[in-house]
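The values are calculated or read from the model by the stated rules, or taken from the named source; none is laboratory data. All of these numbers come straight from a predicted model, not from anything done at the bench. Every residue, glycine among them, receives a Cβ derived from its backbone with ideal geometry; neighbour counts consider all protein chains shown. Note: accessible area is taken over every heavy atom of the protein model, side chains too, but ligands, DNA and RNA are not part of it. Shrake-Rupley method; radii C 1.70, N 1.55, O 1.52, S 1.80 Å.
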Amino acid sequence: MRLTYLFDPLCGWCYGARPALDKLAELDDVALELLPTGLFADKGARMMDAQFASFAWRNDQRIAELTGQPFSEDYRKRVLGAVGPFDSAAASLGLTAVHVTDPAREMAALKELQLARYVLGQDIVSLTAVSELLRSIGLDDAAARLLSRNPEIVEIHSRRVQTAQTLMRRHGLTGVPALLVGDGPAQKPLRSNGLFEPPFDGLFAQLSAA
């Protein structure tokens, strides 16, 4: 079974869906593809300010209540409390660099980026910070290509984001995370609430029905 996961690395709900993704990744008969949507990059990027930080923290508390995923005080103080860009371009490009150089570790790299932001309270919005994180987990080739903005990586990343956005429009999706099952004309979205309801019986029921 082919699953396509549409996400943004700065999306709190995508972080909340992490336990569900881990369960799906354990299934032998499932091929799981990650596609960054660029939702919070380019025109979707913005500056972090007090009003947006307050809005984000309220959402984060709801996500934590539903999923059990932790949002630390370090994250609240160092990330939400900082004045700086809210832009997922570097993190998304870093994941594409991993996708090209060591595709089996892309899921793990996404998990490390989310851990760095939401638990450790670290910067994942700059090329340097993302490159350093990738290097710290042994993804040196991806880190180097990211930091140099390797033209091949940039081109592949642009195609991945375009594909993700095309799929969102095709299926009438307005936000992430989103999980698509199947391929081609038979592809369809699953109800996203199943990603936030451990032990995910509803999600697995949807997969069985598909």
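Candidates in the stretch 33-50 are the residues that are of a type in the set (Asp, Glu) and either over 25 Å from Thr96 (Cβ atoms) or crowded, with 16+ Cβ neighbours inside 10 Å (or both); of these, the one that is modelled with the lowest pLDDT is Asp49.
Within the stretch 120-140, the only residue that satisfies the criterion of being within 15 Å of Tyr15 (Cα to Cα) and within 15 Å of the chain's Cα centre (by Cα) is Ile124. Filtering the stretch 57-106 to residues that are aliphatic (A, V, I, L, M) and buried (at least 19 other Cβ atoms within 10 Å of the Cβ) leaves Ile63, Val79, Leu80, Ala89, Ala90, Ala91, Leu93, Leu95, Ala97, Val98.
Here is a yes/no grid of residues against (1) closer than 22 Å to Gln114 by Cα; (2) among the small types (Gly, Ala, Ser):
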| position | (1), (2) |
| --- | --- |
| Gly138 | yes, yes |
| Asp141 | yes, no |
| Pro151 | no, no |
| Leu173 | no, no |
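Of everything in the stretch 107-135, what is under 13 Å from Leu146 (Cα atoms), open to solvent by 40 Å² or more (accessible area, probe 1.4 Å) and not hydroxyl-bearing (Ser, Thr, Tyr)? Give them in sequence order. Leu127, Glu132, Arg135, listed by residue number.
Looking at the structure I just gave you, is Ala53 under 27 Å from Ala144 (Cβ atoms), touching a residue at least 24 places away in the same chain (Cβ under 8 Å) and surrounded by 14 or more Cβ atoms within 10 Å (Cβ to Cβ)? The answer is no for Ala53. Filtered by the rule that a residue be closer than 22 Å to Ala116 by Cα, among the acidic types (Asp, Glu) and open to solvent by 10 Å² or more (accessible area, probe 1.4 Å), the stretch 2-32 gives a lone residue, Asp22.
Residues considered: Leu113, Leu95. Of these, the only one that is of a type outside the set (Gly, Ala, Ser), within 12 Å of Leu134 (Cα to Cα), touching a strand residue (DSSP E or B) at 6+ places or on another chain (Cβ under 9 Å) and at pLDDT 95 or above is Leu95.
Any residue that is under 29 Å from Arg169 (Cα atoms) and within 18 Å of the chain's Cα centre (by Cα) - is there at least one of those in the stretch 46-56? Yes, some residue in the stretch 46-56 is under 29 Å from Arg169 (Cα atoms) and within 18 Å of the chain's Cα centre (by Cα). The set of residues in the stretch 113-141 being among the basic types (Lys, Arg) and over 21 Å from Ala82 (Cα atoms) consists of Arg135 alone.
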